[in-house]
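Here the structure comes first, spelled out in structure tokens, and everything after it is commentary.
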Amino acid sequence: TLWYNMGFADFTVVCMIPWCIMSFWLFMVTYLQHHSEDGKLYTDDTYTFEKGAFETVDRNYGKWINRMSHHMMDGHVVHHLFFERVPHYRLEDATKALVHGMEARGQGHLYKHIDTPNFTQEIIKQFDENWFFINEDQVVRK
């Protein structure tokens, strides 16, 4: 096995530490894209695909992180709305077009965008304030 051939220390440095960093990054990004302080929770009776898509959040992690991640974090709303039609290399342009079109129709308030340059502090804040807490005021029942 890889562990046996590499030895514990090399396996940890070469395999386990990068795996832990990648896993934390994917978890953090996914969690923050689907949670915000003003997010709504829909019941089975009030949920629609479009309402759910607009509860996701585009988060700006900074120019270089956005670029290196193919704009998956700052183009997440478009991903939810048009996941079968917009490839990752068009997310930035599609997001700009979506925002422009919504603002032109007076629907800009539906789109969520949060600048999150300090993402490690944001995930800690979200865990501290919102991890297993459901604010009844955010539940949409009718």
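Residue pairs whose Cβ atoms lie under 7 Å apart, separated by 6 or more positions or on different chains, with the first residue in segment 83-108 and under 18 Å from GLU55 (Cβ atoms) and the second open to solvent by 80 Å² or more (accessible area, probe 1.4 Å), do not occur. Would you check if there is a residue in segment 51-58 being outside any helix (DSSP H, G or I), without any contact (Cβ under 8 Å) to a residue 24 or more places away in the chain and out of contact with any His (no Cβ under 6 Å at 6 or more places or on another chain)? No, the conditions are met nowhere in segment 51-58. Every condition in (1) closer than 24 Å to ILE123 by Cβ; (2) touching a helix residue (DSSP H, G or I) at 6+ places or on another chain (Cβ under 9 Å) is met by VAL86 except one, and the failing one is (1). One residue is enough: does segment 120-128 have a residue meeting the conditions without any contact (Cβ under 8 Å) to a residue 24 or more places away in the chain and farther than 23 Å from GLY62 by Cα? Within segment 120-128, one or more residues are without any contact (Cβ under 8 Å) to a residue 24 or more places away in the chain and farther than 23 Å from GLY62 by Cα.
Filtering segment 59-73 for residues that are open to solvent by less than 60 Å² (accessible area, probe 1.4 Å), in contact with a helix residue (DSSP H, G or I) (Cβ under 8 Å, 6 or more places away or on another chain) and among the aliphatic types (A, V, I, L, M) leaves a non-empty set. Would you check if there is a residue in segment 82-104 being in a strand (DSSP E or B) and either over 16 Å from the mean Cα position of the chain (by Cα) or at pLDDT 95 or above (or both)? Within segment 82-104 (the criterion being in a strand (DSSP E or B) and either over 16 Å from the mean Cα position of the chain (by Cα) or at pLDDT 95 or above (or both)), the answer is no, since none of the residues qualifies.
The values are calculated or read from the model by the stated rules, or taken from the named source; none is laboratory data. On a predicted model such as this, the values are computed, not experimentally measured, just so you know. Don't worry about glycine lacking a Cβ; one is built from the backbone with ideal geometry, like all the others, and counts go over all protein chains shown. Ligands, DNA and RNA are stripped out before the accessible areas are found, and what is left, the full protein with its side chains, is counted by its heavy atoms. Shrake-Rupley method; radii C 1.70, N 1.55, O 1.52, S 1.80 Å.
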